[in-house]
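Here is the structure we will look at, set down as structure tokens.
Each reported figure results from applying straightforward, stated rules to the coordinates on display, with no laboratory input. Since the structure is predicted, the reported quantities are computational estimates derived from the model, not experimental observations. All Cβ positions, glycine included, derive from the backbone under ideal geometry; neighbour counts span all protein chains shown.
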Amino acid sequence: MPEAVPFILWSWVPITLLLFWKLSPSRAAAACLVGGWLFLPNARFADDVAGVAFPYWIMPSCLPSDYWTTKARVVGVALLLGVMAFDPGAWRRFRPSAYDLPILGWCVIPLPSGLVNHLGLTEALANLAYQALSWGVPYLVGRLYFFDPAGLNVLAREVVAGALAYLPLCAIEFIVGPTLYETLYGFHPYRTPGMVRYLGYRPVVFLEDGNALGIWLAASSLTAAWLWRSGQLIRFWGMPGWLVTLVLVAQAVLSQSAGAVVLLFVGLSTLEVVRRVDRLWPLVVPAVLLLALIAARAANLFDAKALATNTGLGRRLIDTSVKLDRQSFGWRLRVEERSAKIALQRPVLGWARWDWWRMGTEGERPWGLLSLVLGMYGVLGWLLVVGCFVAPLAAFLNLGPPRFWMTPNRASATALAGALAVVGLDAILNPALFLPFLAVAGGLVGLNGHARAASAWIRRAQEVLK
């Protein structure tokens with residue numbers, strides 16, 4: 001079956017074209033994005049790594065590496081062809097915005113980074129094409145189809161549908177262990193690490209690792225919960241909205257990814273508190289402080305290990321992790337500490353190599369997406385990838401007061417903005433980014449422009465009526 005993985009991956013192109021032929025462009029795009037990421041194999045992995053218990057060097061699909069035929073690339077190609085073949089006029093709806101600059105810069109940065117590091121024009125352009133397809137195309141689709149409340153509602157419901165479709169698969173793997181990927185597609189590099197949990201097993205299904213599944217379930221559960229809370233999810237697939245929310249939240253908890261579960265409940269609580277107080281400062285102030293802390297850590301301005309071991313809070317976190325038999329947090333901090341020194345040897349544009357971390361004596365790759373980006377594309381790339389999450393969330397917050405977050409025109413946008421924040425925060429320590437949420441980012445930026453255009457038309461009408 002592993003030999004069939006490339007064929008299975010590229011078969012998504014005709015399936016996507018069929019979706020665009022049968023469905024409306026927005027529904028087809030949402031189905032292609034979510035369905036592709038949930039059910040396609042990740043990549044065709046080399047046979048010589050199948051016997052390795054923990055092949056840590058295998059990179060996530062969201063970044064260029066030595067594996068070029070991945071589901072990130074295939075989904076991007078399929079989406080691009082679907083739009084060009086069945087909705088070529090969609091491009092006329094696109095209106096550039098300053099909020100688009102981070103994603104544009106992020107898609108282009110492999111070129112200057114590669115040239116500065118003497119990677120060669122061909123390989124630099126290939127890396128640029130990979131990032132443009134895997135990041136740029138989903139974002140662009142969000143700008144073209146999910147730029148208004150109706151479009152965002154389509155995307156939000158597709159997220160909920162995808163989570164519900166995963167429920168029976170998660171239930172199977174919770175009981176028997178993560179076996180579905182290996183049964184259908186062959187070797188999975190991160191199937192077994194961390195699979196044994198407090199109760200049963202942690203599922204993986206067809207995603208890149210158990211952490212990726214945990215954050216997907218957290219983000220989709222948050223989306224369903226806010227839609228139900230705001231009265232926009234009364235019934236779904238014949239079930240009452242409260243039941244849909246309950247089973248998705250329960251499955252997120254049973255996935256037993258502690259960080260994802262914490263982000264789920266913190267995200268829901270934050271949305272509710274900010275809406276009730278109708279002020280943005282309870283959200284913005286902690287966010288700015290967190291970004292400053294992450295930036296300081298990325299710049300290696302403080303020793304995270306020393307901070308954890310020499311402070312009361314740090315020692316309590318370590319003790320709790322040990323008691324829960326979860327030592328991965330400490331391991332990640334140690335690896336990030338070592339790799340930051342290598343990354344900052346070329347601070348501006350990075351090393352332009354996917355395996356830049358091998359330049360050190362330890363040779364272990366960092367696990368967080370932000371740390372990987374820092375080494376590949378330097379501080380500039382780090383700022384751009386952070387901007388890919390911050391810019392759309394800023395565009396959303398600029399739409400109006402939080403008291404409107406539960407209205408029909410804002411409920412889906414609020415739910416998806418919360419989910420995007422959860423996915424972005426998870427990327428600090430985990431690498432497997434669920435790229436369909438870039439369509440959320442594009443949609444939120446588009447919604448900001450849509451709202452501004454509508455306000456401008458209203459002002460003009462009022463002036464005429466005067």
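What is the fewest-to-most order of Phe20, Phe396, Phe265, Phe389 by other Cβ atoms lying within 10 Å of their Cβ? Intermediate values should be presented prior to the final figure.
Working: Phe20 23, Phe396 26, Phe265 16, Phe389 20.
Ascending number of Cβ neighbours within 10 Å: Phe265, Phe389, Phe20, Phe396.
For Met239 and Arg279 in one chain, what is 0.36 nm times their gap in residues minus the Cα-Cα distance, to one decimal in nm?
The Met239-Arg279 span can extend by a further 10.9 nm.
Give me a comma-separated list of calculated 3J(HN,Hα) values for segment 249-265, in order, Karplus coefficients 6.51, -1.76, 1.60 applied at θ = phi - 60°, integers in Hz, x for any Gly or Pro.
5, 4, 5, 4, 5, 5, 5, 6, 9, 4, x, 5, 5, 4, 4, 4, 6
Could you tell me the distance between the Cα centroids of segment 194-265 and segment 39-89, to the nearest Å?
Value for the Cα centre distance between the two parts: 24 Å.
With label points built 7 Å along Cα→Cβ from the Cα atoms of Thr183 and Arg95, find their separation and express it in nm.
About 5.0 nm, to one decimal.
Using the number of other C-beta atoms within 10 angstrom as an exposure proxy, rank Val49, Val13, Val244, Val108 with the fewest first.
Lowest to highest Cβ neighbour count: Val49, Val108, Val13, Val244.
Can you tell me the FRET efficiency between Leu121 and Val247 if r is taken as the Cβ-Cβ distance and R0 is 51 Å, rounded to the nearest 0.05?
0.50
Using θ = phi - 60° and the Karplus curve 6.51 cos²θ - 1.76 cosθ + 1.60, what whole-Hz ³J(HN,Hα) does each residue of segment 381-390 get, with Gly and Pro shown as x?
x, 4, 5, 5, 5, 5, x, 4, 9, 5
Helix-only mean residue ellipticity at 222 nm, the chain, DSSP H runs n ≥ 4 weighted -39,500 (n - 2.57), per residue, nearest 500. What is it? The partial results should precede the final answer.
Working: 20 runs with 298 residues, N = 466.
For the chain, the value works out to -21000 deg cm²/dmol.
Could you tell me the relative contact order of the chain? Use alpha-carbon pairs under 8 Å, at least six residues apart, and round to a whole percent. Mind showing how you got there, number by number?
Numbers: 723 pairs, mean separation 102.0, N = 466.
Rounded, it is 22 percent for the chain.
What is the distance, in nm, between label points placed 7 Å from the Cα along the Cα-to-Cβ direction at Ser269 and at Leu23?
3.6 nm
Apply 1/(1 + (r/R0)^6) to the Cβ-Cβ distance of Leu290 and Asn398, taking R0 = 22 Å, and write down the FRET efficiency to the nearest 0.05. Mind dumping the intermediate values first?
Details: r = 20 Å, r/R0 = 0.90.
Computed FRET efficiency for Leu290 and Asn398 comes out at 0.65.
What spacing in nm lies between the two simple spin-label points modelled at Val176 and Thr69, each 7 Å away from Cα in the Cβ direction?
2.8 nm
Among Pro347, Ala50, Ala417, flag the residue with its Cα farthest along the positive direction of the charge dipole of segment 2-465, charges on Cβ as +1 for Lys/Arg and -1 for Asp/Glu.
The listed residue farthest towards the positive side: Ala417.
For segment 2-465, how big is Rg over Rh, using alpha carbon atoms and the Kirkwood form of Rh?
We get a ratio of 0.95 for segment 2-465.
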